[in-house]
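A.B. asks: Let me begin by handing over the structure; questions about it come next.
The values are calculated or read from the model by the stated rules, or taken from the named source; none is laboratory data. Fair warning: this is a prediction, and the values are worked out from it, not measured in the lab. Glycine also receives a Cβ, built like all others from the backbone with ideal geometry; neighbour counts cover every protein chain displayed. With ligands, DNA and RNA removed, areas are computed over all heavy atoms of the protein, side chains included. Shrake-Rupley method; radii C 1.70, N 1.55, O 1.52, S 1.80 Å.
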Amino acid sequence: MKFRYKVLIINMIVISIGLGTIGYFMILKNFNLAMNQQIENSVEENNLFQASIEYELLSLMNTDSYSKNVLLDKVVEGSENVYSNLSANSSDLCVAYDSNIIYSSTQELCNEALWSTVDVGMKNYTIEEKDGRYYIYVSSSTLLMDKKLNIINSRDITAVYDMMKQQSNYYKLLLVSVLVICSIFMYILSTLLTKPLESLQKVSESFGKGDYDARANINTKDEIGSLADTYNTMADSVVEHMDELKGMVARQEQFVADFTHELKTPMTSIIGYADTLRSREMPREQQIMAASYIFSEGQRLEAMSMKLFEFIYTKQHSISPKKLSIKKLMNTVATSVEPMLTAKNISLELITTDSFILGDQDLLKSALINLIDNGRKASKEGSTIRFTAKEENDQVTITVEDFGTGIPEEHLSKIWDAFYMVDKSRSRKEGGAGLGLSLAALIFDAHNATVDVYSKTSEGTRFAITFPLYAEEVTAHEEVD
Amino acid sequence: MIKILIVEDEKPISDLIALNLGAQGYSCTQVYDGMEAANLLENNTYDLVLLDIMLPNVDGYELLEYIKPLNMPVIFITAKAALDDRVKGLTLGAEDYIVKPFQVVELLARVGVVLRRYNKASSELSFKNIKINTEAKTATRDGVPLDLTPKELELLALLIRNVNITLFRENIYETIWDSEYSGDTRTLDLHIQRLRKKTGLGKCLKTVYGAGYRLEDSQ
């Protein structure tokens, strides 16, 4: 059931109960007031009848001779007189003596219990219904010659009941109209109130169906508004996460595509030359060329597979960082690169610091060798490569700088991509697979190091890798212990 | 002489294509980047352009747009094997699409098809008094039709295309019968014998011992 219908029904129930109770008590109160008025009137009337009859009797009793029968006749006569004189309205009069009706202006008589039980000097009343009409009977009781004389008057009070009925009917009509009007108002109001909820629901539905741009546009400052805000935040983070995953998949796809391409190039040469060699006789020099290509492309494939293995290994294994001396690290790297640098007559300028970082010696060594090897490939014979370290503000920066060909600006952003080569033919000649820098980037990233590259064509390239220093207070703490 | 431009940044592959096309008598020009190719195309005409897609400076697709108005047929040679790439290459107007790594035979066949489609290479092959129409699949000697089976005709055409070159058994077998060579050369030997008989080329169609066959025009 829709929320707005629930609100509507609850409100209808509450309003009905509220208004119904009020109406009931109001009508009851009115009825009681009118009734009391009628009773009072009847009693007054009874008083009047009683006084008149007693007056008639008193004047008779002042004469000398009277008998019981005369007296009773007088009562009846007096009653007739009084009735004809006084009762111009709807009241009826009835007189009983010694439990016998001696005069009645109407056929309708009240219950005998009323006037037989009333005490002398007291008045009593009763309300009775006859044929759909209501009557009030008031009875007074006096003693006449040691016998009870009851004067009973009756009044038709159906009007009071009719009034109550009318009031209650009118009130019912009123109640229904108010309910209808209130319901319409409530429906409109609850629709307005639940509208944001509905739009939120629509938004989440379309989000669920794949429209990831769908956002709730609700500006109310209530719970729904904050729910919408929370929903939007959630949607944002879902989309962000999804984009991240998509990006990851795209990068993986790109990697595979690049890898296949890189694999296909040497494969084409190897298969093609071998195919040519076996299909026909060729001049000696062509045979040698074909064989050389098969050899060199085979080597390239092998180098690539090694690098790729290293790359995948680094990617899948987390580093095990230890306290590492920058000096020791750089010295090992320098020793490793020495043979290939001397082969090209390149000198290595080494400046180290006594700093310590947290890192994996083997991985960092491989990454730095890659950088120096890149520098070597870019350098001319007899050139220099600067391999320096500098400690500054709780950080240590290792710099690898060559004075070779440099990297053109448009290539700078892509040098970290796997299989990307700035100068393909040169890189191939040097046995590069385009994986060195992406491997280095992976390793530096795992060490929380930041890498900056400065390069200018035909002037050289400088890689600056900044590591956070090894936290000394940990050691100090250990010493205290 | 049919002139072919090879635009391929991988020197080994470029050399491979040039080596094989050269052996077929095509004259090949090799360039290694897109810019260079565009410069050459400005002043020279070629009967066919073999184009790599991933090229430095100007890529293959851009170059194709440049070549199209020059009305030279283009065959893409690329490592991009995805269907989308093939469709893109072909809809852009390339005549064919060869995926690396390719077989030399396949390359030669596709080059031949495109050249014939452009009427650059005649569908007529001739050797001495023998003529073959590769389109109509007919052969004549001195104008008299020869009764050759389709395989015999293909074999003869292959030999005539490689005049004075020794063709190895395995390769001939794989090219003509389109299946892996299994060491049984009797089918091939039988066809060669029948060819010698039917064409009267007994002297020119030499058996190279331990290797294969060679058609020589010196005899």
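Every residue, every condition in (1) touching a residue at least 12 places away in the same chain (Cβ under 8 Å); (2) closer than 26 Å to A:K380 by Cα; (3) crowded, with 18+ Cβ neighbours inside 10 Å, yes or no:
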{"position": "A:E253", "(1), (2), (3)": "no, no, no"}
{"position": "A:T268", "(1), (2), (3)": "no, no, yes"}
{"position": "A:P321", "(1), (2), (3)": "yes, no, no"}
{"position": "A:T332", "(1), (2), (3)": "yes, yes, no"}
{"position": "A:K344", "(1), (2), (3)": "yes, yes, no"}
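A.B. asks: Here are some conditions: (1) touching a Lys or Arg at 6+ places or on another chain (Cβ under 7 Å); (2) in a helix (DSSP H, G or I). A:F311 meets all but one. Which one does it not meet?
C.D. replies: (1)
A.B. asks: Does A:K221 count as among the charged types (D, E, K, R) and assigned to a helix (DSSP H, G or I)?
C.D. replies: When the stated conditions are applied, A:K221 does not pass them.
A.B. asks: Do you know which residues across segment A:293-313 are more than 14 Å from chain B (Cβ to nearest Cβ) and of a type in the set (V, I, T)?
C.D. replies: If the condition is that a residue be more than 14 Å from chain B (Cβ to nearest Cβ) and of a type in the set (V, I, T), then A:I312 is the only one that fits.
A.B. asks: Which of the residues spanning segment A:46-74 are surrounded by 13 or more Cβ atoms within 10 Å (Cβ to Cβ), touching a residue at least 40 places away in the same chain (Cβ under 8 Å) and out of contact with any helix residue (DSSP H, G or I) (no Cβ under 8 Å at 6 or more places or on another chain)?
C.D. replies: A:N46, A:N47, A:Q50, A:E54
A.B. asks: Would you check which residues across segment B:187-216 are assigned to a loop (DSSP other than H, G, I, E, B) and either over 22 Å from B:K131 (Cα atoms) or within 14 Å of another protein chain (Cβ to nearest Cβ) (or both) and list them?
C.D. replies: Within segment B:187-216, B:Y209, B:G210, B:A211, B:E216 qualify.
A.B. asks: So, of the residues in segment A:197-212 that are in contact (Cβ under 8 Å) with a residue 24 or more places away in the chain and open to solvent by 60 Å² or more (accessible area, probe 1.4 Å), which turns out to be farthest from A:M242 (Cα to Cα)?
C.D. replies: Among those that are in contact (Cβ under 8 Å) with a residue 24 or more places away in the chain and open to solvent by 60 Å² or more (accessible area, probe 1.4 Å), it is A:L197.
A.B. asks: Across segment A:1-29, what is the total count of residues that are loosely packed, with under 15 Cβ neighbours inside 10 Å and part of a helix (DSSP H, G or I)?
C.D. replies: 17
A.B. asks: Restricting attention to segment B:150-167, report how many residues are touching a Lys or Arg at 6+ places or on another chain (Cβ under 8 Å) and open to solvent by 40 Å² or more (accessible area, probe 1.4 Å).
C.D. replies: Looking only at that region, the number is 2.
A.B. asks: Kindly indicate whether A:I312 is of a type outside the set (D, E), closer than 24 Å to A:F419 by Cβ and either more than 56 Å from the chain's Cα centre (by Cα) or at pLDDT below 85 (or both).
C.D. replies: Answer is yes for this residue.
A.B. asks: Another one. Can you find even one residue in segment B:115-127 that is charged (D, E, K, R), on the phi < 0 side of the Ramachandran plot, within 14 Å of chain A (Cβ to nearest Cβ) and open to solvent by 40 Å² or more (accessible area, probe 1.4 Å)?
C.D. replies: no
A.B. asks: Identify, please: which residue in segment B:127-148 is over 20 Å from B:D217 (Cα atoms) and within 22 Å of the chain's Cα centre (by Cα) and is, among those, modelled with the lowest pLDDT?
C.D. replies: B:E135
A.B. asks: Please name all residue pairs, on different chains or six or more residues apart, with Cβ atoms under 6 Å, provided the first residue is in segment B:159-172 and is facing another protein chain (nearest Cβ under 7 Å) and the second residue is buried (at least 19 other Cβ atoms within 10 Å of the Cβ) and among the acidic types (D, E).
C.D. replies: That search, which allows pairs on different chains as well, returns nothing.
A.B. asks: Taking the options B:A94, B:A109, name whichever one is surrounded by 21 or more Cβ atoms within 10 Å (Cβ to Cβ) and at pLDDT 85 or above.
C.D. replies: Residue meeting the stated conditions: B:A94.
A.B. asks: Within segment A:106-121, is even one residue over 23 Å from A:I27 (Cα atoms), open to solvent by 40 Å² or more (accessible area, probe 1.4 Å) and touching a Leu at 6+ places or on another chain (Cβ under 7 Å)?
C.D. replies: Yes: one or more hits.
A.B. asks: Could you list, in sequence order, all residues of segment B:12-43 that are at the interface with another protein chain (Cβ under 10 Å from one of its Cβ atoms), charged (D, E, K, R) and within 23 Å of B:Y66 (Cα to Cα)?
C.D. replies: B:D33
A.B. asks: Given the condition within 14 Å of another protein chain (Cβ to nearest Cβ), free of Cβ contacts under 8 Å to residues at least 24 places away in the same chain and surrounded by 12 or more Cβ atoms within 10 Å (Cβ to Cβ), answer yes or no: does some residue in segment A:255-263 qualify?
C.D. replies: Yes, that holds for at least one residue.
A.B. asks: Quick one: which of A:D162, A:D131 is at pLDDT below 85 and more than 23 Å from A:V95 (Cβ to Cβ)?
C.D. replies: After ruling out the rest, the residue left standing is A:D131.
A.B. asks: When you go through (1) open to solvent by 40 Å² or more (accessible area, probe 1.4 Å); (2) under 59 Å from the mean Cα position of the chain (by Cα) one by one for A:I351, which number turns out not to apply?
C.D. replies: Checking A:I351 against (1) open to solvent by 40 Å² or more (accessible area, probe 1.4 Å); (2) under 59 Å from the mean Cα position of the chain (by Cα), the one that fails is (2).
A.B. asks: If I filter segment A:145-193 down to residues being within 18 Å of A:Y83 (Cβ to Cβ) and not acidic (D, E), which single residue comes out as most open to solvent (accessible area, probe 1.4 Å)?
C.D. replies: Result: A:R155.
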